[in-house]
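Everything below concerns the one structure shown next.
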Amino acid sequence: MRHRFHAICPYFAMFPEHFVQKHLIWSQPGDWVFDPFSGRGTTAFESLLNGRHTAGCDTNPVAVCISRAKTLSPPREEALRRLKELTEGYTPVEEAEPSEFFGLCFHRRTLGQLTYLKRSLDWRSRDVDCFLAALSLGRLHGESHRSPRYFSNRMPRTISTKPDYSVRWWRRNGYEPPERDVFAILENEVEYRFASAPPEGKGEVVQGDARNASQLFAGLLGKVKLVITSPPYLDTTNFAEDQWLRLWFLGGPERPVNVRADDRHTNAVSYWRFLQEAWAGISALLQPDARLIIRIGGTKLALEEITEGLVESLSAGLSRSLSLVELRTSEISGGQVRSFQAKAKGARFEHDFHFSLG
């Protein structure tokens, strides 16, 4: 049975757990596996399930929250106890009139509960709060007309559509926010997720830039046997825009922030420079015979350009000799966001590179 922690929170541009499983053969139990672009923590969590030590980083608070929830999960009883404490401590209060978006996105009583949890959960410092926050992020928005487990009006489950677009779409179709009991849904989520036993080990995932990985993980210098990762694709996604509603729940602003973030580059030259700096950031962590498994794609890059850019950025960033062991290409089918935005564009192909050092 698939471990139920894997799907704690849907995440845009993620690779499946079997991608990690098949590449863990290049390590042994007890080895260190690292992911400098942690995302929803699939590499870290699957490594723990298979007896490896694991660590990773990401600049996106949403990614860090989800990854830490999986790799530092509390016992089931502690999660239920903390949720009961929060439930009993909640008293409905008269909040200020919500903005047009929040008034249409969430039922008034549901929004009150979410606002309370937003203020109460210390997800950065308490593992149990991080776990409950990650469960909340997974239920925060989605196809609520199909499932009673989502808190919001109809919205994609992987990304947060922009406020103005959402309001127009809801009004045009006459959609109203459903009333949901956040606490009851979270209690069901805890029970459902813990039907799978958590791994025995613990991982280390921090919020930070891959380019600073050697400083962030000074205790791992020369210890990492295997890297399994997927760096941000060229001109594909920007977490500050696409995950803005989840960022709001974690303490961010009430509107998406259009900023140029390191997770999206629109210029190939700056993109490869960024990756070179990222590889340089992890270089000191790697064993002399380490292997790197890298899934990568992009809307503007042909396979030849990706291969050349990746090999050159790795060679320059790692300052070591490396060999390309294998390259596989697959077509990306579907895309959940297209059910809401039929003309949404994205990378059509992704490529899996296997490199060995030495």
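The values are calculated or read from the model by the stated rules, or taken from the named source; none is laboratory data. Just so we're clear, the structure is a prediction, and the values are computed from it rather than from any experiment. Reconstructed Cβ throughout: ideal geometry from the backbone, glycine too, with neighbour counts over all protein chains shown. Heads up: the accessible areas ignore ligands, DNA and RNA and are worked out on the full protein's heavy atoms, side chains in. Shrake-Rupley method; radii C 1.70, N 1.55, O 1.52, S 1.80 Å.
For F217, indicate whether it is over 22 Å from the mean Cα position of the chain (by Cα) and among the aromatic types (F, W, Y). Before the answer, list the steps.
Values: over 22 Å from the mean Cα position of the chain (by Cα): no; among the aromatic types (F, W, Y): yes.
Answer is no for this residue.
What's the total number of residues in segment 143-168 that are over 29 Å from K202 (Cβ atoms) and out of contact with any strand residue (DSSP E or B) (no Cβ under 8 Å at 6 or more places or on another chain)? If you could, list the steps in order and put the result at the bottom.
Initially, segment 143-168 is screened for residues over 29 Å from K202 (Cβ atoms), giving 143-148, 150-156, 159-168.
Filter again for out of contact with any strand residue (DSSP E or B) (no Cβ under 8 Å at 6 or more places or on another chain), leaving 146-148, 151, 153-154, 159-168.
Final tally of qualifying residues: 16.
Please go through segment 146-161 and give me each residue that is part of a loop (DSSP other than H, G, I, E, B) and either buried (at least 18 other Cβ atoms within 10 Å of the Cβ) or modelled with pLDDT under 95 (or both), ordered by number. Steps first, answer last, please.
Our first condition is that a residue be part of a loop (DSSP other than H, G, I, E, B); within segment 146-161, this holds for 146-153, 155-161.
Listed by number, the residues that qualify are Y150, F151, S152, N153, M155, P156, R157, T158, I159, S160, T161.
Looking only at segment 1-17, which residues are more than 16 Å from the chain's Cα centre (by Cα) and modelled with pLDDT under 95?
Correct list: M1, R2.
Would you check which residues across segment 172-190 are open to solvent by 70 Å² or more (accessible area, probe 1.4 Å) and either part of a loop (DSSP other than H, G, I, E, B) or touching a residue at least 40 places away in the same chain (Cβ under 8 Å) (or both) and list them?
E176, E179, D181, E187, listed by residue number.
Being part of a helix (DSSP H, G or I) and open to solvent by 20 Å² or more (accessible area, probe 1.4 Å) is the filter here; which residues of segment 24-59 pass it? Full working, then the answer.
Initial filter on segment 24-59 (part of a helix (DSSP H, G or I)): 24-26, 42-49.
Matches in segment 24-59: I25, W26, L49.
Can you tell me how many residues in segment 111-148 are in contact with a Phe, Trp or Tyr (Cβ under 9 Å, 6 or more places away or on another chain) and basic (K, R)?
So the count comes out to 2.
So, in segment 101-144, of the ones that are over 22 Å from the mean Cα position of the chain (by Cα) and assigned to a loop (DSSP other than H, G, I, E, B), which residue ends up surrounded by the most Cβ atoms within 10 Å (Cβ to Cβ)?
Result: F106.
Looking at segment 302-312, can you tell me whether even one residue there is polar (S, T, N, Q), in contact with a Phe, Trp or Tyr (Cβ under 9 Å, 6 or more places away or on another chain) and open to solvent by 40 Å² or more (accessible area, probe 1.4 Å)? Quick ask: steps written out before the conclusion?
Looking only at segment 302-312, we keep the residues that are polar (S, T, N, Q), and these are 307.
Next, from what is left, pick out any that are in contact with a Phe, Trp or Tyr (Cβ under 9 Å, 6 or more places away or on another chain): 307.
Cutting the leftovers down to open to solvent by 40 Å² or more (accessible area, probe 1.4 Å) gives us none.
No: segment 302-312 contains no residue that is polar (S, T, N, Q), in contact with a Phe, Trp or Tyr (Cβ under 9 Å, 6 or more places away or on another chain) and open to solvent by 40 Å² or more (accessible area, probe 1.4 Å).
Just the residues that are assigned to a strand (DSSP E or B) and either buried (at least 23 other Cβ atoms within 10 Å of the Cβ) or in contact with a Pro (Cβ under 6 Å, 6 or more places away or on another chain) (or both), please, taken from segment 208-228. Talk me through it step by step, then tell me what you get.
Step one: filter segment 208-228 for residues assigned to a strand (DSSP E or B), giving 224-228.
Selection gives V224, L226, V227, I228.
Which residue, of D181, D235, is charged (D, E, K, R) and closer than 30 Å to F349 by Cβ?
Values: D181 fails: closer than 30 Å to F349 by Cβ.
Every option except D235 fails the conditions.
Quick check, is G201 free of Cβ contacts under 8 Å to residues at least 12 places away in the same chain and over 28 Å from P92 (Cα atoms)? Full working, then the answer.
On the way: free of Cβ contacts under 8 Å to residues at least 12 places away in the same chain: no; over 28 Å from P92 (Cα atoms): yes.
So G201 does not fit the description; no.
Which one of these does A240 not meet: (1) small (G, A, S); (2) open to solvent by 30 Å² or more (accessible area, probe 1.4 Å); (3) within 24 Å of R124 (Cα to Cα)?
If we test A240 against (1) small (G, A, S); (2) open to solvent by 30 Å² or more (accessible area, probe 1.4 Å); (3) within 24 Å of R124 (Cα to Cα), just (2) comes out false.
Restricting to segment 78-100, name every residue that is open to solvent by less than 70 Å² (accessible area, probe 1.4 Å) and either free of Cβ contacts under 8 Å to residues at least 24 places away in the same chain or aromatic (F, W, Y) (or both). Write out each step before concluding.
Of all residues in segment 78-100, those open to solvent by less than 70 Å² (accessible area, probe 1.4 Å) come to 78-80, 82-83, 86-87, 89-90, 95, 98-99.
Hits for segment 78-100 are Y90, E95, P98.
For F349, only one of the following conditions fails: (1) modelled with pLDDT of 95 or more; (2) open to solvent by 70 Å² or more (accessible area, probe 1.4 Å); (3) of a type outside the set (S, T, Y); (4) under 24 Å from S38 (Cβ atoms). What is its number?
So the condition that F349 fails would be (1).
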